[in-house]
Amino acid sequence: MRLTPTEEERLRVFAAAELARRNLALGLALNAPEAVAVVCDAMHLAARSGGSYETVAEAGRAALTPEQVMDGVADVAPEIRVEVLLEEGSRLIVLREPFGPASLDGPGAVHYADGDVDLVPERRRITLTVTNASERPVRISSHFPFAETNAKLAFDRDAARGFRLDLPAGDSIRWAPGETRDVRLVVFGGTGGGGEPDA
C-alpha cells in the first residue's frame, strides 16, 4: 500500500489518539501530545464525514475537557492548528486555548527578548498579488507550499512554485471573501532557488 505523506501523518495522528483514548478509559489524564492527537483526530474525522468549517472546529473544541488533561497542558498547547480537507479544499483550522487559558509563567511559557530577528535573510523573496475568489475566508499557514494552496486563491501559481509565505513558523495569513492583498514569499530551503536577497 502506498501512502502520501499526508496520509501517513493522518495515520500517526490516529494511532496517537487511540493510545490517548485507551489512557482516558483507564482514568488517566492526558499529556500534551496525547491531548493534541485526540483533538486533531476529532477534527479530521468531522472533516472526513463532510462537516463544515464550523462543525469541524466544534468537534475539536468538544473532544476533551480541561479536566481530562494533565496540569500544564494548557500552557504547552495554547493553540492547535490543523489543515483538513473540506469540500471547498484544504483549510487551516485554528483552535485557541483548546484546554483552557494558559498561565503566564507555567510550563512552556514564552518570554521574548527585545528587538527583531531577520528570518533567513539570504533567501530570495518575491511579492505576489493574491485574491480570494471564495465565498468563505481562506487561511494559509507559513510553511505550506504556496503554489499548492486553496484553488479559490487567484494568483500566479507558476511564479509561486518553490516558495512559501515569508512568515515565522506557525503564523498564517487570512483572506476574507473577495479580499485582495500583496503577499511576500520566500523560497524554500534546499530547492536551489535561494541564495541572494532581493533588493
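Counted over segment 1-108 with a bin width of 5 Å, the fraction of Cα pairs per bin, in whole percents, is 2, 13, 23, 22, 19, 12, 6, 2, 0, 0.
Of all DSSP-defined beta bridges confined to segment 1-109, some 80% are antiparallel rather than parallel. Altogether, the Stokes-Einstein calculation at 10 °C and 1.306 mPa s, with the Kirkwood radius of segment 104-183 over Cα pairs as Rh, returns a diffusion coefficient of 110 µm²/s. In this simple spin-label approximation, residue 94 and residue 154 carry label points 7 Å from Cα along the Cα→Cβ vector, and these lie 2.6 nm apart. Think of a 1.4 Å ball rolled over the protein heavy atoms: segment 22-99 then has 50 Å² of accessible area per residue. Out of the total accessible area of segment 128-167 (probe 1.4 Å, heavy atoms of protein only), what percent is carbon and sulfur? Accessible surface attributable to carbon and sulfur in segment 128-167 totals 47 percent. For the pair residue 58 and residue 169, label points projected 7 Å from Cα toward Cβ lie 3.5 nm apart. Normalised Debye scattering of the chain at q = 0.15 Å⁻¹ gives log10 I(q)/I(0) of -1.07, counting only Cα atoms as equal scatterers and leaving out solvent.
Binning all Cα-Cα separations of segment 52-160 at 10 Å, short to long from zero, yields these whole-percent fractions: 11, 30, 29, 25, 5.
A Cβ-based charge dipole, computed about the Cα centre of segment 100-170 with Lys and Arg at +1 and Asp and Glu at -1, lands at about 420 debye.
Taking each residue as 0.36 nm, the span from residue 65 to residue 117 lengthens on full extension beyond its C-alpha to C-alpha distance by 15.0 nm. With the helix formula -39500 (n - 2.57) applied to DSSP H stretches of n ≥ 4, the chain reaches a computed 222 nm mean residue ellipticity of -8500 deg cm²/dmol.
The values are calculated or read from the model by the stated rules, or taken from the named source; none is laboratory data. All of these numbers come straight from a predicted model, not from anything done at the bench. Note that we place each Cβ from the backbone using ideal geometry, even for glycine, and neighbour counts take in every protein chain shown. In case anyone asks, the SASA skips ligands and DNA or RNA and just uses the protein heavy atoms, side chains included. Shrake-Rupley method; radii C 1.70, N 1.55, O 1.52, S 1.80 Å.
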